[in-house]
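S.K.: The structure follows.
The values are calculated or read from the model by the stated rules, or taken from the named source; none is laboratory data. These numbers were taken from a predicted model, which means no experiment stands behind them. For neighbour counting, all protein chains shown are included, and Cβ atoms are generated from backbone atoms with ideal geometry for every residue, glycine included.
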Amino acid sequence: MVTPDMTTTVAGIEFKNPVLTASGTFGYGLEFTDFLDLDRLGGLVTKGLSAAPRKGNPPARVVETPAGMLNAIGLQNIGVPSFLADKLPKLREYDTKVIANVFGATEAAYVEACRMLDGAEGLAGIELNVSCPNTEEGGMIFGVDPAALGHVTRLCRKETKLPLIVKLSPNVTDIRLMARCARDAGADALSLVNTFVGMAIDVERRRPVLANVCGGLSGPAIRPLAVWLTWQVRQAVEIPIIGIGGIMSARDVVEFLLAGASAVQVGTASFVTPSASADIVTELSNWLSERNIASVRELIGGLEVPPRG
């Protein structure tokens, strides 16, 4: 059996393996050091950061669903200054790539967050969460309006020399259009997908379970949808893709890689098993070795689709 080469490159960032952790599911990384060795991960994506601290939504904020969960945390976070002062210096002690996920309620807020993070020692890249309402434009979600997506991406591209990854929303009519808009505006890579909008109802009380009424659906329930959207985007743009959605095992990672992703992010699995992301790295290496696959890169875009008719 071969010892597989697990390295992969996304937006000029060289990862030791293709397994990253997803924003919003892994805190700032440091919270998980009792459960796994961060050095085993290809990278980690921070909890969403805004220029100023944010309290988030009132409870209830999380509810379990069949094969997944709904969350409406409301992007609670400590803010970029506290992250730079208190979290990033400790993360620099680990041999794993750190990507800061950022968001804002206005274009100016996105720009300010990117400006503050640019040049930060130990930061490998920035991931834009565009699944946020633009309060200056009546609440339209940045990521569902092509013009808004392109404009905010272009503004952020000007504010940082770091690799810029745009995390696409699946709650659109044609995700390929949004992928092209992000690419044309300067995105170096794409993450997909963010959560699907969903709702849970307490039938006895006849009330929404979540205080926010709706929330983001994640977990294995969305994986087939996310794999499909990854494959669609791979046909539409040439820039690298990081696949996200319900990954629980190495076989799930392989699905995304074959569909065209160059790396993946593990999210909800960390709520089930805190060591899941590191476990999947080991499992993936063994999976490749058992099949004498010399490099994980051999899988990227390797889906063979038989001709129709």
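S.K.: Checking T8 against (1) over 28 Å from S295 (Cα atoms); (2) more than 16 Å from the chain's Cα centre (by Cα), which test does it fail?
M.R.: Just one mismatch for T8, condition (1).
S.K.: Another question, if that's okay. Are any residues in segment 65-83 within 20 Å of the chain's Cα centre (by Cα) and either of a type in the set (D, E, K, R) or under 30 Å from E14 (Cα atoms) (or both), and if so, which ones? Quick ask: steps written out before the conclusion?
M.R.: Initially, segment 65-83 is screened for residues within 20 Å of the chain's Cα centre (by Cα), giving 67-80, 83.
Of everything in segment 65-83, those that are within 20 Å of the chain's Cα centre (by Cα) and either of a type in the set (D, E, K, R) or under 30 Å from E14 (Cα atoms) (or both) turn out to be L75, Q76, N77, I78, G79, V80, F83.
S.K.: Against the definition (surrounded by fewer than 18 Cβ atoms within 10 Å (Cβ to Cβ), over 29 Å from N17 (Cα atoms) and either of a type in the set (D, E, K, R) or over 17 Å from the mean Cα position of the chain (by Cα) (or both)), how does V62 come out, yes or no? Step through it out loud before you land on a result.
M.R.: On the way: surrounded by fewer than 18 Cβ atoms within 10 Å (Cβ to Cβ): yes; over 29 Å from N17 (Cα atoms): yes; either of a type in the set (D, E, K, R) or over 17 Å from the mean Cα position of the chain (by Cα) (or both): yes.
For V62, the condition - surrounded by fewer than 18 Cβ atoms within 10 Å (Cβ to Cβ), over 29 Å from N17 (Cα atoms) and either of a type in the set (D, E, K, R) or over 17 Å from the mean Cα position of the chain (by Cα) (or both) - is met.
S.K.: Okay, moving on. Of all residues in segment 210-258, count the ones that are buried (at least 24 other Cβ atoms within 10 Å of the Cβ) and of a type in the set (S, T, N, Q).
M.R.: So the answer is 2.
S.K.: Which of (1) farther than 23 Å from P224 by Cβ; (2) buried (at least 16 other Cβ atoms within 10 Å of the Cβ); (3) in contact (Cβ under 8 Å) with a residue 40 or more places away in the chain does A148 not meet, given it meets every other one?
M.R.: (3) is the only condition that A148 fails.
S.K.: Pairs, please: C-beta under 7 Å, at least 6 apart or cross-chain, first residue farther than 19 Å from R234 by Cβ and in segment 286-309, second modelled with pLDDT under 95 and surrounded by 11 or more Cβ atoms within 10 Å (Cβ to Cβ)?
M.R.: As it stands, the answer is S289/V2; N292/V2; A294/V2, since those pairs meet every condition given.
S.K.: Let me ask another. Would you mention how many residues in segment 180-209 are buried (at least 23 other Cβ atoms within 10 Å of the Cβ), in contact (Cβ under 8 Å) with a residue 60 or more places away in the chain and closer than 16 Å to A11 by Cβ?
M.R.: 2
S.K.: Residues of segment 273-286 being under 18 Å from the mean Cα position of the chain (by Cα) and aliphatic (A, V, I, L, M), which ones?
M.R.: Of everything in segment 273-286, those that are under 18 Å from the mean Cα position of the chain (by Cα) and aliphatic (A, V, I, L, M) turn out to be A276, A278, I280, V281.
S.K.: With the condition kept exactly as written, say whether any residue in segment 62-72 is β-branched (V, I, T) and closer than 14 Å to A120 by Cβ.
M.R.: Applying the first criterion (β-branched (V, I, T)) to segment 62-72 yields 62-63, 65.
Checking the rest, the ones that are also closer than 14 Å to A120 by Cβ come to none.
Taking every residue of segment 62-72 in turn, none turns out to be β-branched (V, I, T) and closer than 14 Å to A120 by Cβ.
S.K.: Please tell me if A261 is at pLDDT 95 or above, buried (at least 24 other Cβ atoms within 10 Å of the Cβ), closer than 30 Å to D34 by Cβ and not hydroxyl-bearing (S, T, Y).
M.R.: In short, yes.
S.K.: Here is a follow-up. If we scan segment 132-151, do we find a residue that is closer than 27 Å to D39 by Cα and at pLDDT 95 or above? I'd like the intermediate steps shown before the answer.
M.R.: In the first step, residues of segment 132-151 are kept if they are closer than 27 Å to D39 by Cα; the result is none.
Taking every residue of segment 132-151 in turn, none turns out to be closer than 27 Å to D39 by Cα and at pLDDT 95 or above.
S.K.: I'd like the full set of residues that are touching a helix residue (DSSP H, G or I) at 6+ places or on another chain (Cβ under 9 Å) and among the β-branched types (V, I, T), limited to segment 1-32.
M.R.: V2, T3, T7, T8, T9, V19, T21, T25
S.K.: Just to verify a result, which residue in segment 158-173, among those that are closer than 21 Å to V237 by Cα and surrounded by fewer than 18 Cβ atoms within 10 Å (Cβ to Cβ), is farthest from the chain's Cα centre (by Cα)?
M.R.: Start the filter on segment 158-173 by keeping residues that are closer than 21 Å to V237 by Cα, which leaves 162-173.
Restricting the remaining residues to those that are surrounded by fewer than 18 Cβ atoms within 10 Å (Cβ to Cβ) gives 171, 173.
Numbers: N171: 15, T173: 20 Å.
In this case the residue turns out to be T173.
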